[in-house]
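Can you keep this structure in mind? I'll have questions shortly.
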Amino acid sequence: MVKVIHVDDNGAEMATVEIDDFTIETVYAGIATLLRTASAEAPAAPPRGLSREARQRREKILNRIHS
């Protein structure tokens, strides 16, 4: 299951769509494999050089996604 969240610049949720693996494989078989591979890997470190505001916004979005 994949949850896609559209957020505005302030991190407020605008829309959410949940897509199951069957739908993804039906639309494009390779996406499910890529998502499984990506989810098995360790999360990437945050990009360097982000401003304090950008880091806070990123953290807010990630918290929303993971909750």
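Of all the residues that make up region 11-36, how many are within 20 Å of ASN63 (Cα to Cα) and of a type outside the set (A, V, I, L, M, F, W, C)?
Total meeting the criteria: 4.
Where in the chain are there helices (runs of 4 or more DSSP H), lying fully within it, with 1 or more residues that are touching a helix residue (DSSP H, G or I) at 6+ places or on another chain (Cβ under 7 Å) and either β-branched (Val, Ile, Thr) or modelled with pLDDT under 85 (or both)?
Per the criteria, 21-27, 29-40.
The values are calculated or read from the model by the stated rules, or taken from the named source; none is laboratory data. Quantities reported herein were computed from a predicted structural model and do not represent experimental measurements. Note that we place each Cβ from the backbone using ideal geometry, even for glycine, and neighbour counts take in every protein chain shown.
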